[in-house]
Every structure is written in C-alpha cells, then in structure tokens.
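**Q** Before anything else, here's the structure in question.
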C-alpha cells in the first residue's frame, strides 16, 4: 500500500533586521540585530520578546522603548510584514 | 500656519530660519547650546546620531501637532547631526503665536515630547577618553 508523500513542513519563522541606535547600539556592540520570530504574522509585541532573547544586552531597556516600522512609531499590536524596515527607538536624547 | 523642520550637519547656523508672521504678538526662541561637561566630566563636544529620514519627518510632524494643540501661527525647529563642539548650538526652536501664553506652553510641550519620541541620540566626546562614547 502506497502512502501519500508528505509535504515538507514550512517553518513559520520570520526573520527581521532591527536597527539599533544610541546606547542600545553601544550595549549590543552593533547597529543591527537579526531576529527570528516564531510566528507567521508577528506583532511588535512578539518582536519585543524575540529581540530580548536574540540580544540580551538590550533586554532590560525594551520596556521603555518603542518600535518604528517604515519610519513611523507603532504600537505593540502592529503587525510586521516581510520587508518592513524596523528600528528600535529607545533612550533618545535629542535637544 | 508656517512649519519648518531641518536637520543640519554639525553646529547650527548662527542665523535662525526666518519665521516672519505678521499676526504674531509673541515670537520666542529657544536655543540648546553644548555645555562643557557631561556627567561631571569635561567634554570636547557632543556627537548627535539621527535615524534618517525619520528624525526630520518626526520633528515636522511634532511641529504640526504642536501648532494644532496650542493654536500657533508658526513654528520652526532645527537640530544638529554629527559633531557639535562645546559652546555651539545644536538645537533651536522658534514659536510664533498671537499671545505669549500659548507660545510658552507650546515650547515646553514640544521639547518634552521631542525628548521622548524623536529618534536623535547624543554621545558625549570626553576630553579624557574620546573613543569611549562613540556611537
């Protein structure tokens, strides 16, 4: 008896690049972080958790930081699309 | 209503952006100047890092929000990017309104929100160790 070939499982992971600036960039020793999010359509809240794991050096600053997606500040429920430009906006010190 | 927002490389020009508003009874000007010390240590200046193009865009949007919130006639904001030596200007905000109270309240509100939301970071260049604080 033949069995139907199994379809390869698609790993529902989105990989995003997060730009870092200021003290967060200094703490991480880099200006971008690659983050894998185990979600097909992640929110910024999902990204925050994944970023804390991917970059522990900035984890303690994330609570007071926000994300900018395509140069606009967004809230936690904003969904991220593949190809979005994402930046962590925290500890700003202009003026 | 006139709103101008501009980021300059290095220190700001000595002359501010013109904000000619014939109906304005009050025009106030705030300038941020780099102090000689930071965290109790002497500095050569500040290096300002900006997330472009979001920084200038956010300054302009904040200018629009401020004008609407306080009923202003005009607003111009200038900010530096890159190195600004001690004693030079790195930030300038000019506000024009019909009366004094709106302008003074708006000035305070704009700066508070800017220091929370606008993607600009300053890094002190310490005299004793200029490499330490590079972004």
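**Q** Which Rg and Dmax, in Å, describe the Cα atoms of the range B:33-82?
**A** Every Cα atom of the range B:33-82 included, Rg and Dmax give 14.9, 41 Å.
**Q** In Å and whole numbers, how far do the C-alpha atoms of the range B:52-135 stretch along each principal axis, longest first?
**A** Extents along the principal axes: 48, 26, 16 Å.
**Q** Hey, another quick one. For the range B:6-45, what does the convex hull of the Cα positions come to per residue, in cubic angstrom?
**A** Hull volume normalised by residue count: 107 Å³.
**Q** How large is Rg over Rh for the protein assembly as shown, taking Rg from the Cα atoms and Rh as the Kirkwood inverse mean of 1/r across Cα pairs?
**A** For the protein assembly as shown, the value is 1.10.
**Q** Note down the relative contact order for the range B:55-123 as a percent, whole number, built from C-alpha pairs under 8 angstrom at least six residues apart.
**A** Relative CO of the range B:55-123 lands at 37 percent.
**Q** Can you give the log10 of the normalised intensity I(q)/I(0) at q = 0.14, 0.20, 0.22, 0.26 Å⁻¹, computed with Debye over equal Cα scatterers of chain A?
**A** For chain A at q = 0.14, 0.20, 0.22, 0.26 Å⁻¹, log10 I(q)/I(0) is -0.50, -0.93, -1.11, -1.50.
**Q** Can you tell me the 0 to 90 degree angle between the C-alpha axis of helix B:100-117 and the longest principal axis of chain B, rounded to 10?
**A** So the helix axis and the longest Cα principal axis differ by about 40 degrees.
**Q** What fraction, in whole percent, of alpha-carbon pairs in the range A:19-67 exceed 13 Å separation?
**A** Value for the range A:19-67: 54 percent of Cα pairs lie more than 13 Å apart.
**Q** Let me ask something else about it. Could you tell me how many degrees, from 0 to 90 and to the nearest 10, lie between the Cα long axis of helix B:54-70 and the main elongation axis, the longest principal axis, of the Cα atoms of chain B?
**A** Between the helix axis and the principal axis of chain B, the angle is about 40 degrees.
**Q** Grab the Cα-Cα distance for residue A:71 and residue A:57, subtract it from 0.36 nm times how many residues apart they are, and report the gain in nm with one decimal.
**A** Stretched out fully, the residue A:71 to residue A:57 stretch lengthens by 2.7 nm.
**Q** I would also like to ask the following. Can you tell me the convex hull volume per residue for the range B:1-122, based on C-alpha atoms, in Å³ to the nearest whole number?
**A** Hull volume normalised by residue count: 97 Å³.
**Q** Over the range B:1-98, what relative contact order in percent results from Cα pairs under 8 Å that are six or more residues apart?
**A** Taking the mean separation of contacting Cα pairs over the length of the range B:1-98, I get 50 percent.
**Q** Once each part is reduced to its C-alpha centroid, what is the distance from the range A:25-42 to the range B:61-128 in angstrom?
**A** Comparing the Cα centres of the range A:25-42 and the range B:61-128, I get a distance of 31 Å.
**Q** Angle check, please: helix A:44-54 long axis (alpha carbons) against the longest principal axis of chain A (alpha carbons), in degrees 0 to 90, nearest 10.
**A** That works out to roughly 90 degrees.
**Q** To check you understand DSSP bridge types, tell me what percent of the beta bridges within chain B (both residues inside) are antiparallel, rounded to 5.
**A** Counting DSSP beta bridges with both partners in chain B, the antiparallel share is about 75 percent.
**Q** Additional query: Would you mind ranking A:69, A:35, A:13 so that the residue whose beta carbon has the fewest other beta carbons within 10 Å leads the list?
**A** The fewest-first ordering by Cβ neighbours comes to A:13, A:69, A:35.
**Q** Which of B:64, B:78 comes first, and how do the rest follow, when ranked by fewest Cβ neighbours within 10 Å?
**A** Fewest to most other Cβ atoms nearby, the residues stand as B:64, B:78.
All of the numbers you see were taken from the coordinates with simple rules; none came from a lab. Quick caveat: nothing in here was measured; it's all calculated off a predicted structure. All Cβ positions, even for glycine, are placed from backbone atoms using ideal geometry, and neighbour counts span all protein chains on display.
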